[in-house]
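Here the structure comes first, spelled out in structure tokens, and everything after it is commentary.
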Amino acid sequence: MTSIDTTTIEPWVQYLLDRVEIQDVIARYGLGQDLHKDGDNDVLQQWDDVFAPNGAVDYSSTGVPQLDCIGFRELVDFMRGPAGSMSGLLRWQHFQGWSTVTFDGDRATARTPHIHTHKGETDGKGWNLIQTGMFVDELERRPEGWRIVHRTLEILWIDTFPTAGLATVTPNIHV
């Protein structure tokens with residue numbers, strides 16, 4: 001935890017405001033992914049409010065070496081371009097947990113657990129992919145607010161499994 005002057009309330013209020021703003025920045029990353037599906041790839045509608053203009057990411061933990069320290073706009077192209085890594089997915093949702101945040105003046109480090117779910121289909125057979133891990137974000141307070149200047153993706157585990165066809169289910173309703 002960041003040390004705070006305990007003689008007045010103002011530093012505590014600022015600490016809480018900063019925490020909430022950083023949590024919102026991190027949540028907007030997932031919203032940027034999840035609000036844009038079915039050919040709508042305008043992730044930057046949210047991500048321009050997540051990353052600093054020079055923001056970079058290290059997603060090399062995915063096993064793709066060229067994702068080591070690239071600009072966040074390059075990541076959008078990699079994921080959402082015509083043959084991007086998400087182009088074969090049917091649905092997805094990105095859940096971010098509560099971050100732990102430490103402050104050093106106008107800089108902060110946030111560590112956020114996540115679980116990302118993805119649904120796809122290959123040769124008419126459905127599958128799901130689940131990825132769990134952490135985002136480690138370096139943030140700066142800027143005139144427009146807190147922004148991520150560097151994000152590292154840490155993957156804890158990934159699992160892929162087939163989906164089963166849905167059986168007809170009749171709810172058991174008692175009145």
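The values are calculated or read from the model by the stated rules, or taken from the named source; none is laboratory data. The structure displayed is predicted, hence computed values, not measured ones. Ideal geometry is used to build each Cβ from the backbone, glycine not excepted, and the neighbour counts take in all protein chains shown. Note: areas computed on protein heavy atoms with side chains; ligands, DNA, RNA excluded. Shrake-Rupley method; radii C 1.70, N 1.55, O 1.52, S 1.80 Å.
With a 10 Å cut-off between alpha carbons and a GNM built on the chain, which of F161, F95, F135 moves the most? Of the options given, F161 has the highest mean-square fluctuation.
Each residue of segment 57-73 was assigned a 3J(HN,Hα) from its phi angle through the Karplus expression (A = 6.51, B = -1.76, C = 1.60, θ = phi - 60°), giving 10, 10, 10, 5, 5, 6, x, 9, x, 6, 8, 8, 6, 10, x, 5, 5 Hz with x at Gly and Pro.
Only one item in (1) 29, 21, 17; (2) 22, 19, 16; (3) 34, 22, 14 matches semi-axes √(5λ) of the Cα gyration tensor in Å derived from the coordinates shown, and that item is (3).
On a 0 to 90° scale, report how tilted helix 10-34 is relative to the longest principal axis of the chain, with both axes built from alpha carbons and the result rounded to the nearest 10. Taking the Cα atoms of the chain, the angle to 10-34 is about 20 degrees.
Of the residues Y15, Y29, Y59, which exhibits the maximal mean-square fluctuation in a Gaussian network model of the chain defined by a 10 Å Cα contact cut-off? Of Y15, Y29, Y59, the Gaussian network model singles out Y15 as fluctuating most. Excluding ligands, DNA and RNA, the accessible surface per residue across the chain is 59 Å² with a 1.4 Å probe. Could you work out which residue, out of A52, A110, A83, moves most in a Gaussian network model of the chain, that is, has the largest mean-square fluctuation with Cα springs under 10 Å? In this elastic network of the chain, the residue with the biggest mean-square fluctuation among A52, A110, A83 is A83. Only one residue of H36, V101, I130 has its Cα farthest out toward the positive end of the dipole of the chain, where Lys and Arg carry +1 and Asp and Glu -1 on Cβ, and that residue is I130.
For segment 103-119, the Karplus equation 6.51 cos²θ - 1.76 cosθ + 1.60, evaluated at θ = phi - 60°, returns couplings of 10, 9, x, 8, 10, 8, 10, 10, 10, 10, x, 9, 9, 10, 10, 9, 10 Hz by residue, with Gly and Pro reported as x.
Placing +1 on the Cβ of every Lys and Arg and -1 on the Cβ of every Asp and Glu, with nothing else charged, gives segment 12-73 a dipole about its Cα centre of roughly 120 debye.
With helices as the sole contributors, the chain gives -7000 deg cm²/dmol at 222 nm; each DSSP H run of n ≥ 4 counts as -39500 (n - 2.57), and the sum is divided by every residue.
The 1.4 Å probe gives accessible areas that order V13, V57, largest first, as V13, V57. With a point put 7 Å past each Cα toward its Cβ, work out how far L89 is from A164 in nm, to one decimal. Roughly 2.5 nm, to one decimal. Put W92, W157, W12, W146 in order of accessible area, highest first, and with a 1.4 Å probe you get W157, W12, W92, W146. What a 1.4 Å probe finds exposed on segment 45-115 is 54% carbon and sulfur by accessible area, rounded to a whole percent. Here the chain is assigned +1 on the Cβ of each Lys and Arg and -1 on the Cβ of each Asp and Glu. Its dipole about the Cα centre then comes out at about 480 debye.
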